[in-house]
Structure formats: C-alpha cells, structure tokens
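One structure is given here, and the rest of the page talks about it.
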Amino acid sequence: MSARQPTRPERLRSSARAWPAWGVIGAAVAGAVLIVTAAARPAPVVRSDAAAHAMPSAMAACERTSRVCDPAALRAYPLTSPMAHGARLLTEQQVVARYGGGGDIVRARLMTYRQAATAFPALAASAVIDRSREVWVLTRYYPKPVTVPFAGGYGPPGEPATEQISAVSVVIDATTGTVTDSCLGCAVIPRSG
C-alpha cells in the first residue's frame with residue numbers, strides 16, 4: 001500500500017511549524033560564532049598618550065611642564081618679535097575681503113595684540129605673540145545660525161557632534177594676514193558699530 005502524499009496546504013503548515021525551530025538553531029549558531037570570534041580577537045593594546053600620537057616621550061614630557069619645547073622653532077616664528085618699523089598694514093577692506101565672507105555682517109577693529117588681549121582675554125590668549133604687534137580683531141555675524149562641529153570636532157565623548165553658532169571672531173596679524181586666534185560662537189566686536 002502506498003503512503004498518501006501531503007497536499008500543498010498541509011506541506012505549507014508543516015514547513016511553517018519548522019521555521020521557528022530553524023530560527024532558534026540559526027540564532028544559536030550565530031551566537032556561538034560571535035563568541036568564538038570575540039574570544040579569538042586579541043585584547044586591545046593600551047598605549048600611553050605619547051605612543052598614541054606618535055610623539056616622542058621627551059617631547060610629551062616637555063609639553064606637560066613647559067611653555068616652549070622647541071625654542072628654535074619659536075624664534076623662527078615671525079609673530080614673536082615686534083613688527084618692522086614702517087611695516088605696511090593690511091587695510092580693513094583687505095581683511096574683510098579675505099576673512100569676512102560675502103553677504104554677512106562683519107565688524108573689524110585695528111589694535112595692538114596687548115589691547116586685544118586686555119579687551120578680549122578669552123579670544124586673544126596666545127602667550128607667544130609679541131604684544132606690540134598690530135592686529136585686526138574681526139567678528140563675522142551670520143544671517144542665519146550655521147551648524148559647525150562641536151568644539152571644532154575635539155569635544156569630549158558623549159557631547160553633541162554639532163552646535164549652532166551665529167558669529168565667529170578672529171585675531172589677524174595686520175602685516176602677515178596670519179590668523180593668530182579664533183573663537184566659534186564668539187561675538188567680540190558689537191554688531192552695531
């Protein structure tokens with residue numbers, strides 16, 4: 001006597017009952033593979049701060065304790081000495097054209113670095129710029145707030161990745177056009193003046 005063949009609906013019901021079992025088996029196999037893979041992976045190597053940034057340990061130690069670790073490089077930096085007598089200064093129009101951006105409200109003032117450090121200590125905070133140098137302090141106001149990386153992309157873990165700012169301020173050396181200091185979200189020169 002021949003066995004009766006299951007009908008199509010019976011085969012579908014039977015296979016539908018088998019899928020949960022295959023799902024449990026598949027999950028168990030995947031979990032075992034994950035555990036074996038994780039166990040086979042070497043533990044992360046914890047490196048010192050100097051090794052993580054490929055900085056020689058002597059330089060890392062110097063930076064923890066000293067303001068200047070390469071005196072020769074500091075002496076070669078032109079902004080550490082006074083400006084040459086009669087040096088040609090960038091005009092406000094040149095500074096605004098170079099750093100101001102089109103369509104934004106830009107305010108700029110010419111002063112010495114000493115005056116900038118006194119008036120705006122959070123902005124003009126360099127310890128190496130010669131205090132007698134002439135600088136432009138420029139504030140750029142955006143028509144609408146803009147999104148920028150939080151803390152320039154160097155914020156602590158867990159902080160937001162971006163922030164909204166309405167202004168940016170910079171200090172620009174008046175002879176070389178070098179930006180010496182900057183602050184996202186700072187408006188040091190008033191908008192109406």
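Ranked by the mean number of other Cβ atoms within 10 Å of their residues, highest first, the peptides 85-94, 135-144, 154-163 come out as 135-144, 85-94, 154-163. Taking the protein heavy atoms of the range 136-185 in the context of the full set of protein chains, the accessible area attributed to carbon and sulfur is 56 percent at 1.4 Å. The gain in end-to-end length when the Thr91 to Arg75 segment is fully stretched comes to 3.0 nm, 0.36 nm per residue minus the alpha carbon separation. Looking at Pro190, Met59, Thr147, which one has the Cα that reaches farthest to the positive end of the dipole of the range 54-193 (charges on Cβ: Lys, Arg +1; Asp, Glu -1)? About the Cα centre, the residue reaching furthest to the positive side is Pro190. Length gained on full extension, Ala119 to Arg67, computed as 0.36 nm times the residue gap minus the Cα-Cα distance: 16.4 nm.
Think of each Lys and Arg Cβ as +1 and each Asp and Glu Cβ as -1; about the Cα centre, that makes the dipole of the range 59-193 roughly 300 debye. Can you list the residues of the range 142-174 with backbone N under 15 Å from a point 7 Å past the Cα of Ile105, pointing along Cα to Cβ? Answer for the range 142-174: 142-146, 166-169. If a/c stays under 1.5 just call it rounded; otherwise compare a/b with b/c (prolate if a/b is bigger, oblate if not). Do that for the range 53-193, with a ≥ b ≥ c from the square roots of the Cα gyration tensor eigenvalues. Note, shape of the range 53-193 comes out oblate.
The values are calculated or read from the model by the stated rules, or taken from the named source; none is laboratory data. From a predicted model like this one, the values you see are computed outputs, not experimental measurements. Cβ atoms come from the backbone with ideal geometry, glycine included; neighbour counts cover every protein chain shown. Accessible surface is based on the protein model in full, side chains and every heavy atom, while ligands, DNA and RNA are left aside. Shrake-Rupley method; radii C 1.70, N 1.55, O 1.52, S 1.80 Å.
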